[in-house]
Amino acid sequence: MQKIKKLIIIIVMAVALVVCLLWTYRVLSWKDTSGSSLSSLTQLYNTDRDLMDVVFVGSSHCYCGIYPPYFWEDAGIAAFDLSVSGQDRNSALRHLRELLKTQSPTIVFFDVYGITYSEQLVIANEYRNMLSMRLNPNSAALVTEAATKDKWLDYWFRFPIIHGRYKELKKTDFVSYAPNQFGRGEVVNFRCNEYGTGELVDLDVFEPATLSPEQEKWLDDLVKLSEKKGFTLVFYSAPFYISREAQDQMDAVAVYAEEAGIPMLDFNRMREELGFDFHYDLQDPEHLNANGARKMANYFEEWLSENVSLPDRRGDERYAQWDLDLEWYYHVLAKDELDHATDPVDYARILAKEKDFKVIISLEGTDYASVAEVDYVSVLAEFGIPGDAGGKWLFEDGKLTKIMDNRLDAEPCYVRLNDTETMRIQYQGDYVFPENIMIGRQSYSHNGRRLAIIVYDELLEKVVHCAYF
């Protein structure tokens, strides 16, 4: 009997240890493939089987330049970006194999710029490529292929690396970041390239490099995988300020592709056809922005309509993630409009038409109506707030609710934002009191201005903008 009790205790302790380790790993695990709390791998794992019809594979050139919401809105194409920052040859192939465990795409567009990567130059990118996949034989094989032997155990067991993340932990380590549940791999950016023009490669020169045996084997493996899994393989290279050396390697891939009967879309050589602008369509010298992604999507959609028959998935409830992903794109677009709204009335007008936003409008002071520098009356009118009113207001889905007047005896009000966050609104005096609007320990008070507008995005479950006038 005593032995049985000891055995039970040992089993219970072992189970408790495993549970603690699993919870600790969930918190500490690497959840970022693009440097922005987004993980294409997490998005893949959150997608049900056999929903992706078109897949794009590549590095940051892919997630910056291919926007699945464009394809969805235009033609109902269920596209997905399987992209990781600095994705090298071994990583790209292994990540595609990971996707093919649960998805059966009709066509895979492969950004072959990864052929130029011989090693990871940034340790964060090495982590993103090595640690984002679930631990399984496929991810273990990637370690042996891409890491030096002295790092194998660290990458296989992972804890020796991720235990150092304690100081950088944030909310998204404990609670899943909403876009990682419905995002389709893209990272949306509207910034235009302000880093100079760079030097453009002379496209009249066609001098293909000699591919190494490792590079040729990589291309051969991709072709064999497409034949085995039954998807159409297309090579492409996104437009940017490419170097002469890299362009020569793209030309070598083009020669290989022609001999293998694989389509090759080199957008650097097609930039005139694309109408590409190196300021307007790039966010920096290497990465496309939303404008460039729009041009890429237009080309790919036309190419697909001419070469592949794909169903329109819009209206199918199984594809709700693509609907949410498109909604997310418009939320990022709205934020960009807010970023560039210099006039307070324009700022309010943008918010007044948006959905899925909780907008806190806080007006403090008693003489705002006669102040010349800001037309507070017109700003408030966009939300339907009377011109002689002050206090704290909530505007949501076109509906306006008054929370409280600016009275020192008013009780604090609490607005539930999500399962983990509550906004506390109170009044302790005008302008300079940082506790008037709080989310957790973060203050969103007036910073000495009369009007504060705090924008909480219910889709992303976070504050996305603040303005003070």
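Just checking, which of ILE4, ILE10, ILE66 is surrounded by 14 or more Cβ atoms within 10 Å (Cβ to Cβ) and either of a type in the set (Val, Ile, Thr) or in contact with a strand residue (DSSP E or B) (Cβ under 8 Å, 6 or more places away or on another chain) (or both)?
ILE66
Among the residues of the range 316-332, which ones are touching a residue at least 12 places away in the same chain (Cβ under 8 Å) and either closer than 20 Å to VAL234 by Cα or exposed (fewer than 14 other Cβ atoms within 10 Å of the Cβ) (or both)?
ARG318, ALA320
Of all residues being within 21 Å of LYS295 (Cβ to Cβ) and among the polar types (S, T, N, Q) in the range 169-220, which is modelled with the highest pLDDT? Just the residue, please.
The residue in question is ASN189.
Kindly indicate the residue of the range 406-447 that is of a type in the set (D, E, K, R) and under 22 Å from LEU351 (Cβ atoms) and also farthest from the chain's Cα centre (by Cα) among those meeting that condition.
Going through the qualifying residues, I end up with ARG424.
If a residue must be of a type in the set (Phe, Trp, Tyr) and farther than 22 Å from PRO311 by Cβ, how many such residues does the range 38-58 contain?
1
Report every pair of residues separated by at least 6 positions or lying on different chains whose Cβ atoms are under 9 Å apart, first residue within the range 204-215 and among the aromatic types (Phe, Trp, Tyr), second surrounded by 15 or more Cβ atoms within 10 Å (Cβ to Cβ) and not in a loop (DSSP other than H, G, I, E, B).
Close Cβ pairs (under 9 Å, with a partner that is surrounded by 15 or more Cβ atoms within 10 Å (Cβ to Cβ) and not in a loop (DSSP other than H, G, I, E, B)) amount to PHE206/ASP248; PHE206/ASP251; PHE206/ALA254.
Quick one: is TYR330 more than 18 Å from the chain's Cα centre (by Cα), among the aromatic types (Phe, Trp, Tyr) and closer than 22 Å to ILE454 by Cα?
No.
Which condition breaks for TYR117 when tested against (1) within 24 Å of the chain's Cα centre (by Cα); (2) at pLDDT below 90; (3) farther than 26 Å from TYR256 by Cβ?
(3)
From the set of residues in the range 295-313 that are crowded, with 16+ Cβ neighbours inside 10 Å and over 14 Å from GLY76 (Cα atoms), which is farthest from the chain's Cα centre (by Cα)?
Among them, the one singled out is TRP303.
Here is a yes/no grid of residues against (1) touching a residue at least 40 places away in the same chain (Cβ under 8 Å); (2) within 23 Å of GLU327 (Cβ to Cβ); (3) buried (at least 20 other Cβ atoms within 10 Å of the Cβ); (4) aliphatic (A, V, I, L, M):
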residue	(1), (2), (3), (4)
LYS353	no, yes, no, no
ILE361	yes, no, yes, yes
GLY365	yes, no, no, no
ARG450	yes, no, yes, no
TYR468	no, no, no, no
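For the range 270-293, give me the residue count where each residue is buried (at least 20 other Cβ atoms within 10 Å of the Cβ) and either in a loop (DSSP other than H, G, I, E, B) or hydroxyl-bearing (Ser, Thr, Tyr) (or both).
Number satisfying all stated conditions: 3.
Name the residues in the range 117-134 that are touching a residue at least 40 places away in the same chain (Cβ under 8 Å), assigned to a helix (DSSP H, G or I) and closer than 12 Å to ASP88 by Cα, would you?
ASN125, GLU126, ARG128, ASN129
Quick check on this structure: which one of TRP30, TRP23 is touching a Leu at 6+ places or on another chain (Cβ under 7 Å) and either assigned to a strand (DSSP E or B) or closer than 19 Å to TYR166 by Cα (or both)?
Only one candidate passes the filter, namely TRP30.
Residues in the range 86-104 that are over 17 Å from GLU214 (Cβ atoms) and either modelled with pLDDT of 95 or more or among the aliphatic types (A, V, I, L, M) (or both): how many?
Residues that pass the stated criteria total 10.
In this structure, is SER37 hydroxyl-bearing (Ser, Thr, Tyr) and at positive phi?
Here the answer is yes, as SER37 does meet what is asked.
If you check SER29 against the conditions, is it closer than 15 Å to GLU186 by Cα and of a type in the set (S, T, N, Q)?
no
Which condition does ASN291 not pass, out of (1) within 30 Å of ARG449 (Cα to Cα); (2) assigned by TED's automatic domain parsing to the domain that holds LEU265, if it passes all the others?
Exception for ASN291: condition (1).
Before we move on, is ASP405 in contact (Cβ under 8 Å) with a residue 60 or more places away in the chain and either assigned by TED's automatic domain parsing to the domain that holds ARG349 or of a type in the set (A, V, I, L, M, F, W, C) (or both)?
No: the conditions fail for ASP405.
Let me spell it out: the conditions are (1) assigned to a helix (DSSP H, G or I); (2) free of Cβ contacts under 8 Å to residues at least 60 places away in the same chain; (3) of a type outside the set (A, V, I, L, M, F, W, C), and THR102 meets all of them except one. Which number is the exception?
(1)
Here are some residues: ASP74, ASP48. Which one is in the same structural domain as TYR177 (by TED's automatic domain parsing), under 24 Å from ARG318 (Cβ atoms) and not in a helix (DSSP H, G or I)?
Only one candidate qualifies: ASP48.
Out of all the residues in the range 104-161, which are among the aliphatic types (A, V, I, L, M) and crowded, with 18+ Cβ neighbours inside 10 Å?
Answer for the range 104-161, where residues must be among the aliphatic types (A, V, I, L, M) and crowded, with 18+ Cβ neighbours inside 10 Å: ILE107, VAL108, VAL112, ILE115, MET130, LEU131, MET133, LEU142, VAL143, ALA146, ALA147, ILE161.
Among the residues of the range 285-307, write down those that are over 16 Å from TYR70 (Cβ atoms) and at pLDDT 95 or above.
HIS287, GLU306, ASN307
The values are calculated or read from the model by the stated rules, or taken from the named source; none is laboratory data. Since the structure is predicted, the reported quantities are computational estimates derived from the model, not experimental observations. Glycine gets a Cβ as well: all are built from the backbone with ideal geometry, and neighbour counts include every protein chain shown.
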